[in-house]
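For reference, the structure discussed in these notes is given below.
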There are 2 protein chains.
Amino acid sequence: MATFIRPRVPRGMRDILPEQMIRRQYVIDVIRDVFEEFGFEPLQTPALELSEVLTGKYGPDAEKLIYQAGHVGGKEDISLRYDLSVPLCRVVAMHPQLPKPFKRYQIDPVWRAERPQKGRYRQFFQCDADTVGTESMLADAENVNLVYQVLTRLGFEQFEVNINDRKLITGIGQFAGVPTEQLGGLYRSIDKLDKIGISGVKDELAENQIPEPVIEKLLALLQVEGTAATVLSALKEQLGDSKIAREGIAELEELNGYLETFGVPDKFYRFNVSMVRGLEYYTGPIYETVVEEPKIGSITGGGRYDELIGSFSKQGYPATGTSFGIERIIDVMEEFDMFPAAVGKTVTQVLVTVFDADLAQESLKLATLLRQDGIRTEVYSRQTRLSSQIKYADTKGIPYAVILGSDELEAGNVAIRNLASRKQEIVPREELVAHIKRLSS
Amino acid sequence: MATFIRPRVPRGMRDILPEQMIRRQYVIDVIRDVFEEFGFEPLQTPALELSEVLTGKYGPDAEKLIYQAGHVGGKEDISLRYDLSVPLCRVVAMHPQLPKPFKRYQIDPVWRAERPQKGRYRQFFQCDADTVGTESMLADAENVNLVYQVLTRLGFEQFEVNINDRKLITGIGQFAGVPTEQLGGLYRSIDKLDKIGISGVKDELAENQIPEPVIEKLLALLQVEGTAATVLSALKEQLGDSKIAREGIAELEELNGYLETFGVPDKFYRFNVSMVRGLEYYTGPIYETVVEEPKIGSITGGGRYDELIGSFSKQGYPATGTSFGIERIIDVMEEFDMFPAAVGKTVTQVLVTVFDADLAQESLKLATLLRQDGIRTEVYSRQTRLSSQIKYADTKGIPYAVILGSDELEAGNVAIRNLASRKQEIVPREELVAHIKRLSS
């Protein structure tokens with residue numbers, strides 16, 4: 001056998017053990033259900049992409065985090081995917097026969113070599129829904145509606161989708177009169193509003209040589225509060241001179257109209273010009289969801305990227321989508337104990353114990369009966385005392401143990417032990433399945 | 001925007017487009033259901049492992065196929081996983097608190113840089129169920145029972161689980177009197193029985209300096225046909241002098257007894273001493289499933305590996321498991337048209353068309369109503385003629401289109417078009433949801 005190796009995972013990686021995985025699976029199943037209810041179809045792309053496919057899409061800082069891969073004799077330059085949007089664009093370009101609009105979802109891991117920190121891992125899941133081939137704000141409104149539906153179905157009562165528009169951000173840059181190459185600094189300062197407050201942003205802008213009157217107008221804009229209509233009309237008033245800003249505002253107005261029609265309550269979203277998002281490829285509306293507590297960053301993010309497919313295909317397509325970060329969603333749900341009681345420590349409903357070797361046969365038959373009715377049943381497969389088997393069921397959180405001793409066998413009965421109440425019932429063998437079903441419902 | 005890149009995937013990789021992905025999801029869901037019915041719990045490990053974890057486990061030929069990975073500034077030697085069993089062993093060693101027996105399933109991709117060929121990809125999914133911490137053949141019998149349950153539930157009527165035992169194979173080696181270092185050649189010759197036939201195996205064994213009388217005895221063994229009992233008793237008669245062979249035979253006898261108790265029909269399995277399996281780490285019973293048609297290799301494989309966890313932990317644990325290859329399973333199901341009618345080209349049930357901008361609002365409200373009742377509904381999000389929208393639904397295979405023109409709006413009705421029959425019905429708006437439900441059930 002191989003030499004002894006200390007068991008470890010790579011830095012920033014982790015295992016998802018069953019108890020955690022059951023919660024994860026619950027969240028993924030809810031998201032998948034809502035994606036499909038919205039008419040998105042499943043797609044899967046390989047984890048490995050040609051490196052040239054990923055290069056130049058995310059911005060230089062992000063690109064440094066991409067994992068490279070290779071194998072003996074391999075001649076291609078390949079990488080692990082960094083997100084699911086760029087692979088989607090490659091797919092759309094490679095398969096022009098796909099009907100448009102092409103609405104797909106993908107729930108899969110991505111890899112980023114970020115500095116590991118609490119709650120942040122180098123492999124994490126993205127749950128993405130995207131619509132390719134339509135310029136309509138209806139598709140963007142569907143994205144925000146999707147966020148609303150998923151989060152409320154998961155039990156979130158307090159969250160806010162922050163909505164902005166890249167065109168509007170560009171308009172703000174023009175409005176501020178900063179040269180294009182300094183725009184990044186302006187956006188980063190604005191983006192810090194939540195962290196450093198109005199006065200902090202003011203100081204940073206001044207340091208960046210933004211003229212005082214422009215700073216005042218910008219800050220006035222950033223401080224507009226109120227309904228969607230109030231914010232949008234203030235924006236128009238302040239930024240109406242910029243053509244590109246007007247385009248961005250018109251997009252947000254249209255988006256807002258659809259959200260009202262879909263019945264998304266306005267307490268769950270707001271137009272927020274200080275929200276920027278990191279990735280380079282966005283071109284229109286952008287959105288990300290924050291929760292007040294715990295302080296955890298955004299739990300969903302997305303936006304429109306009308307030019308990305310054009311980097312793979314002469315026939316470009318407009319596209320827009322949104323992504324759910326299940327790791328953070330799960331963190332919030334655990335913090336506030338939001339998982340339904342049915343999402344327990346185990347999926348197993350019954351442990352069939354094996355009293356001794358002579359009685360094994362009869363116990364196995366019981367397991368087959370239970371499984372035939374869809375009852376999730378483990379057969380205890382070690383030879384140990386009954387008390388150890390019961391303890392095992394208890395430790396694992398399996399609710400019921402079925403016991404068949406020689407007394408029960410002779411009388412045509414089985415014993416059902418409720419691990420929580422420690423009570424035991426004797427039922428006729430032929431009533432076992434119905435009885436367990438009744439107990440589990 | 002980035003420079004133009006021709007959209008391609010790395011050699012041996014592929015995208016799973018929605019139509020294919022829907023079938024894939026169906027197969028995975030069935031497998032997951034059965035895994036859970038058998039009391040296996042979900043586990044997820046990271047795709048990347050420290051290379052030292054994978055080294056020395058699979059055999060030298062296999063090891064050459066492992067993908068390496070890395071990132072800027074990374075100091076660890078990391079690889080993409082090659083299977084799900086070695087990561088499981090690492091998990092068990094890292095988390096000694098997990099109750100034993102530890103029964104887990106994992107459904108995830110693995111990567112192997114094999115020579116690409118028809119139907120074989122460098123990323124493929126394994127669906128594994130394993131039991132750690134029991135020496136009992138009951139766990140091995142559960143593995144074979146699991147194969148039987150999954151395949152019959154997927155509609156397979158003709159398949160055969162070939163069962164052998166590594167101890168028996170070692171016994172055959174001793175019996176043949178070949179030196180340990182030549183055993184590999186003997187096993188490879190025996191493994192070719194299906195391809196080169198009895199006379200081919202005979203020639204190969206003679207070339208490998210196996211004495212004539214031993215060859216005759218071996219061939220007699222390989223040609224034993226009949227029930228499990230017949231084969232096992234013939235094995236005992238021929239190989240009874242070897243202690244290790246007797247141990248292997250005893251394991252298979254016990255396994256066979258459990259299979260009978262579980263009610264696995266004996267037409268679905270056979271004891272086959274010429275089945276060897278490639279991976280080095282097996283130590284006891286091994287099993288793989290073949291189908292007569294199409295010629296596609298094994299669709300499941302597994303076995304016992306009692307020494308693998310010991311390479312990560314001073315406290316070793318016996319372990320056994322089985323793996324389903326969904327790519328090949330899907331190939332067979334497509335060849336024989338085994339997918340249920342409900343597994344269609346799309347998961348979407350209804351397309352809500354948008355007649356024109358003025359009527360958009362009312363159409364969106366219909367979509368929300370349908371979705372509230374769980375009906376999978378797409379809203380058409382491009383501004384085009386109604387006829388293009390209907391054509392889109394038809395191309396995608398969406399069964400019903402909902403149409404709301406001004407006539408219908410005024411009368412409080414909606415039109416439902418059946419895309420297959422091309423017939424259209426007018427129903428009162430408030431009956432839409434119930435009507436679609438009736439049509440879809």
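The values are calculated or read from the model by the stated rules, or taken from the named source; none is laboratory data. A quick note: this is a predicted structure, and the numbers were derived from the prediction, not measured. When we count neighbours, we look across all protein chains shown, and the Cβ atoms used for this are built from the backbone with ideal geometry, even at glycine. For the accessible areas, the whole protein counts, side chains as well, though only heavy atoms, and no ligand, DNA or RNA atoms are used. Shrake-Rupley method; radii C 1.70, N 1.55, O 1.52, S 1.80 Å.
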Would you confirm whether or not the range B:44-54 contains a residue that is closer than 30 Å to B:Val343 by Cα and not hydroxyl-bearing (Ser, Thr, Tyr)?
yes
Please go through the range B:1-44 and pick out each residue that is of a type in the set (Lys, Arg) and either part of a loop (DSSP other than H, G, I, E, B) or at the interface with another protein chain (Cβ under 7 Å from one of its Cβ atoms) (or both).
B:Arg6, B:Arg8, B:Arg11, B:Arg14
Run down B:Glu237, B:Glu293 and say which single residue is open to solvent by 60 Å² or more (accessible area, probe 1.4 Å), touching a residue at least 24 places away in the same chain (Cβ under 8 Å) and assigned by TED's automatic domain parsing to the domain that holds B:Arg328.
B:Glu293
Quick check, is B:Glu142 of a type in the set (D, E, K, R) and either under 30 Å from A:Ile390 (Cβ atoms) or in contact (Cβ under 8 Å) with a residue 40 or more places away in the chain (or both)?
yes
Quick count over the range A:256-272, residues being within 13 Å of chain B (Cβ to nearest Cβ), part of a helix (DSSP H, G or I) and open to solvent by 20 Å² or more (accessible area, probe 1.4 Å), is 3
Filtering the range A:2-23 down to residues that are touching a residue at least 24 places away in the same chain (Cβ under 8 Å) and buried (at least 18 other Cβ atoms within 10 Å of the Cβ) yields A:Pro10, A:Gly12, A:Met13, A:Pro18, A:Ile22, A:Arg23
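Report those helices (runs of 4 or more DSSP H) wholly inside the range B:302-414 carrying at least 2 residues which are within 19 Å of B:Leu439 (Cα to Cα), touching a residue at least 24 places away in the same chain (Cβ under 8 Å) and open to solvent by less than 30 Å² (accessible area, probe 1.4 Å).
By residue number, B:360-372, B:386-396.
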Could you say whether any residue in the range B:292-308 is of a type in the set (Asp, Glu), touching a helix residue (DSSP H, G or I) at 6+ places or on another chain (Cβ under 6 Å) and under 24 Å from B:Thr131 (Cα atoms)?
no
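Where residues in the range A:65-91 are β-branched (Val, Ile, Thr) and within 8 Å of chain B (Cβ to nearest Cβ), which of them is farthest from A:Asp130 (Cα to Cα)?
In this case the residue turns out to be A:Val72.
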In the range B:75-94, which residues are open to solvent by less than 40 Å² (accessible area, probe 1.4 Å) and not in a helix (DSSP H, G or I)?
B:Ile78, B:Ser79, B:Leu80, B:Arg81, B:Tyr82, B:Asp83, B:Leu84
Does B:Ala250 meet the test of being hydrophobic (A, V, I, L, M, F, W, C), more than 21 Å from B:Arg166 (Cβ to Cβ), open to solvent by 40 Å² or more (accessible area, probe 1.4 Å) and out of contact with any Asp or Glu (no Cβ under 6 Å at 6 or more places or on another chain)?
no
Just checking, which of B:Ser242, B:Ser199 is buried (at least 16 other Cβ atoms within 10 Å of the Cβ) and either at pLDDT 85 or above or at positive phi (or both)?
B:Ser242
Quickly run through the range B:269-295 and pick out the residues that are under 18 Å from B:Ile169 (Cα atoms) and of a type in the set (A, V, I, L, M, F, W, C).
B:Phe271, B:Val273, B:Met275, B:Val276, B:Leu279, B:Ile286
Please go through the range A:132-158 and give me each residue that is open to solvent by less than 10 Å² (accessible area, probe 1.4 Å) and of a type in the set (Ser, Thr, Tyr), ordered by number.
A:Thr134
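Scanning the range B:1-48 for residues that are small (Gly, Ala, Ser) and in contact with a strand residue (DSSP E or B) (Cβ under 7 Å, 6 or more places away or on another chain), which turns out nearest to A:Leu98 (Cα to Cα)?
The selected residue is B:Ala47.
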Looking at (1) touching a residue at least 40 places away in the same chain (Cβ under 8 Å); (2) under 19 Å from B:Val276 (Cα atoms); (3) among the β-branched types (Val, Ile, Thr); (4) assigned to a helix (DSSP H, G or I), which is the only condition B:Ile163 fails?
(4)
Contact list please: Cβ distance under 7 Å, first residue in the range B:190-207 and small (Gly, Ala, Ser), second residue surrounded by 14 or more Cβ atoms within 10 Å (Cβ to Cβ), pairs at least six apart or on different chains.
B:Gly200/B:Lys192; B:Ala206/B:Ile215
I'm told B:Ala129 meets every condition in (1) surrounded by fewer than 23 Cβ atoms within 10 Å (Cβ to Cβ); (2) in contact with a Lys or Arg (Cβ under 8 Å, 6 or more places away or on another chain) except one. Can you identify the failing condition by its number?
(1)
Return the residues of the range B:366-385 that are touching a Ser or Thr at 6+ places or on another chain (Cβ under 8 Å) and at pLDDT 95 or above; say none if nothing qualifies.
B:Ala367, B:Leu370, B:Arg371, B:Ile375, B:Arg376, B:Thr377, B:Glu378, B:Val379, B:Tyr380
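When residues of the range B:415-436 are filtered for being away from every other protein chain (no Cβ under 14 Å), part of a helix (DSSP H, G or I) and surrounded by 14 or more Cβ atoms within 10 Å (Cβ to Cβ), how many remain?
Final tally of qualifying residues: 3.
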Got at least one residue in the range B:307-324 being in contact with a Leu (Cβ under 6 Å, 6 or more places away or on another chain), within 14 Å of chain A (Cβ to nearest Cβ) and modelled with pLDDT under 95?
no
Looking only at the range A:50-64, count every residue that is more than 7 Å from chain B (Cβ to nearest Cβ) and open to solvent by less than 40 Å² (accessible area, probe 1.4 Å) and tell me the total.
5
Any residue in the range A:376-397 that is more than 22 Å from A:Ile22 (Cα to Cα), within 12 Å of chain B (Cβ to nearest Cβ) and of a type in the set (D, E, K, R)?
yes
